[in-house]
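K.L.:
Got a structure here, written out as structure tokens. Questions coming.
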Amino acid sequence: MADNKKPSKNPVRWQVLRMLATEGPNSVTDLAARTNRLQHSMTKHMQVLRAAGAVVMVAGTDGDGRKLFHALPPGCLRDGANGKEIDYGVCVLRLR
């Protein structure tokens, strides 16, 4: 992650990281609806997370590949002693 503090300063971003860790890739539309945020607000949160390297874009599973989803970078997610952990190499986020 480029700046490992900025993404973790916001509770909405923590919620999104937890959702991606437990449920896998998700669209901005779905993330916005599930966190009770407007889509443009969620888009801004996801831009911050992408810029920091906390999430990546992946092709959707909708069959035609036109829809993009946000996901944790490959290889970052692991099971820790107290739940899921996201290991970015420079920091580890423990999701309880």
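K.L.:
Just to be sure I follow the rule: in the chain, considering lysines 8 or more places apart or on different chains, how many pairs have Cα atoms under 18 Å apart?
P.N.:
Total qualifying Lys-Lys pairs in the chain comes to 4.
K.L.:
Sticking to Cα atoms, compute the Rg of the chain to one decimal and its Dmax as the biggest Cα-Cα distance, whole number, in Å.
P.N.:
Gyration radius and largest Cα-Cα distance of the chain: 12.8, 38 Å.
Each reported figure results from applying straightforward, stated rules to the coordinates on display, with no laboratory input. Quantities reported herein were computed from a predicted structural model and do not represent experimental measurements.
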